[in-house]
Amino acid sequence: MHDKTIAELAAGLRERTYSSVELTRHFLERIARHNPSLNAFITVAAESALSAAAQADLALAAGTGGPLIGIPIAHKDIFCTQGLRTSCGSRMLDNFIAPYDATVVERLAAAGAVVLGKTNMDEFAMGSSNETSWYGPVKNPWDQTRVPGGSSGGSAAAVAARLCVAATGTDTGGSIRQPAALCGITGIKPTYGRCSRWGMIAFASSLDQAGPMASCAADAALLLQAMAGFDPRDSTSLDTPVPDYVAGLDGDLAGLRIGLPKEYFGAGLDGRVAASIQAAIREYERQGATVVEISLPNSPLSVPVYYVVAPAECSSNLARFDGVRYGHRCENPKDLEDLYKRSRAEGFGAEVQRRIMIGTYVLSAGYYDAYYLKAQKIRHLIADDFRRAFEQVDVIMGPTSPTTAFPIGAKMDDPVAMYLNDIYTIAANLAGLPGMSIPVAPVDGMPVGLQVVGNYFEEGRLLNCAYRLQQQTDWHLGVPVGFD
Ligand code: GLN
């Protein structure tokens, strides 16, 4: 059952080949067997999952229920889930039971999905390897000595190992696309504002965006369909109609203009990863697409700009964790200042503290103009590069990540090396554009992701590109040894 697409599972449920309770039990058993080694889940919600599945079976028997009725999924532990621990990968929220559901959680529940549990992640989504989690690193199911990518590493590993059908993720600088690439799955970061951020714990509010992680484009389309859409509770949510993503999957690609940014194929890119990307591009050419070299001249500045803007926003967003209202509180505080200091020092890990300090520094009087304001100006230049490129091309393609998954521990002592993982993904967040990672030919048995970036609200076109590639190739069908 775990090797099937959502459409196949939906048919099996409708035809009573199996019930949602049986399907849910099957995935819970896989989690029980494999999670002790992979560490992809922080919380497994067996009881509530089985009762949701029983409800789904009643709806199925009555011939009602949404498009995802009875399908077992998982949520990144950054989404608030009512009555279920929402830790955000942090000791700070280890004891936090959310009193309400995030909009994305609510909408997937309304579509009928069953929640198996909450997936592991880098603390407050800060990281590219899932090693900053308070709950320990996640292992990459393709090679358990390697990282799954981050920050949505638990979701990526869980989907790749088929511990759930699909999962949610969030992407502030690459956290859906990079782990999707490193674990060999399909992930899409929608346009900023496409999915509501309400109830999604904020890291960098002008960059954060939720999206689906799945084993194929058709499954991702079904999830995104349920997740997307206007939400009056999120003031940055956009009131633009959501197209029918499933209906658009099989559109003809003849005449599609693909831009290959020369900056994305230079030094730093592993040559074998580049060869996999080129092979995928040739498949698009066979399908009638044309390729042009383009330039995104300011893209080399995206990492430095991001590491001013994202920490600035996080220093403000994380100010709410003060030991007073909710979350970790230190023992026996001497006075209020001691309470703040020790609660935050104990509750936050090293990377989160580093970012809060950088963010506070770049926003402080005397440095604001030199760092924060300047970064905001360059952010505009980066967005302008894309605007110009999309006058010439329909989509931009390149690698998602410069290398395949690296060994656990390899980059933890070198934050700058870690930050460079996102060299190809961050620009789309700074510009607010949708981006996707699609599995292509592996290198030495390890997955590689092709990144496709589209113009605003062109999620449908990205899903169409991914679907057509997956119709002609079997790169997305690989399952890691031991998980088939
Ligand atoms: N790896 C990047 C960071 O550490 C992006 C994380 C993300 O997208 N949440 O900030």
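The values are calculated or read from the model by the stated rules, or taken from the named source; none is laboratory data. Being a predicted model, the structure only gives us computed values, none of them experimental. Quick reminder, even Gly has a Cβ in these numbers, built from the backbone with ideal geometry, and neighbours come from all protein chains shown. Remember, those area values only see protein heavy atoms, side chains included, never the ligands or the DNA or RNA. Shrake-Rupley method; radii C 1.70, N 1.55, O 1.52, S 1.80 Å.
What the Kirkwood sum gives for segment 333-477 is a hydrodynamic radius of 18.7 Å, with every pair of different alpha carbons counted. The packing ranking of peptides 227-240, 465-478, highest mean first, is 465-478, 227-240, where packing means the average number of other beta carbon atoms within 10 angstrom of each residue. Using only the Cα atoms of segment 77-234, each taken as one equal point scatterer with no solvent, compute I(q) by the Debye sum, divide by I(0), and report log10 of the ratio at q = 0.09, 0.10, 0.12 Å⁻¹. Log10 I(q)/I(0), no solvent term: -0.23, -0.29, -0.42. With only the Cα atoms considered, segment 47-111 has a convex hull volume of 81 Å³ per residue. Filter the cross-link list 118/139; 4/118; 377/411; 4/76 down to pairs whose alpha-carbon distance in this structure exceeds 25 Å. Over 25 Å apart, Cα to Cα: 377/411. Take the Cβ-Cβ distance between residue 257 and residue 144 as r, set R0 to 30 Å, and report the resulting FRET efficiency rounded to the nearest 0.05. That pair, residue 257 with residue 144, gives E of 0.15. If you take the charge dipole of the chain about its Cα centre, with +1 on Lys and Arg Cβ and -1 on Asp and Glu Cβ, which of 324, 428, 93 is farthest toward its positive end? Among 324, 428, 93, the one farthest towards the positive end of the dipole of the chain is 324.
Each Cα pair under 8 Å and six or more residues apart adds its sequence gap; the mean of these over the residue count of the chain is a relative contact order of 18 percent. Compared with the direct C-alpha span, the chain from residue 388 to residue 247 gains 47.8 nm at full extension, assuming 0.36 nm per residue. Think of a 1.4 Å ball rolled over the protein heavy atoms: the chain then has 36 Å² of accessible area per residue. Dividing the radius of gyration of the alpha carbons in segment 1-157 by their Kirkwood radius gives 0.99 for Rg/Rh.
Nearest 0.05, what FRET efficiency do residue 94 and residue 5 give at R0 = 25 Å with Cβ-Cβ as r? Working from the Cβ atoms, E equals 0.10.
Taking only protein heavy atoms and a 1.4 Å probe, the accessible area of segment 105-241 is 58% carbon and sulfur.
What the phi angles of segment 41-52 give under the Karplus curve with 6.51, -1.76 and 1.60, with θ = phi - 60°, is a coupling list of 10, 8, 10, 9, 10, 4, 5, 5, 5, 5, 6, 5 Hz, glycine and proline written as x. Per-residue packing, averaged as other Cβ atoms within 10 Å, sorts the ranges 108-121, 23-36, 427-440, 283-296 into the order 427-440, 108-121, 23-36, 283-296, beginning with the highest. In order along segment 322-328, the Karplus-derived 3J(HN,Hα) couplings, from 6.51 cos²θ - 1.76 cosθ + 1.60 at θ = phi - 60°, round to 10, x, 9, 7, 7, x, 5 Hz, and Gly and Pro are given as x. Remark: the chain is approximated by an ellipsoid whose semi-axes, taken from the C-alpha gyration tensor as √(5λ), come to 31, 29, 20 Å, largest first.
Can you classify segment 144-301 as rounded, prolate or oblate using the Cα gyration tensor, where a ≥ b ≥ c are the square roots of its eigenvalues, rounded means a/c under 1.5, and otherwise it's prolate if a/b beats b/c and oblate if not? The shape class here is rounded.
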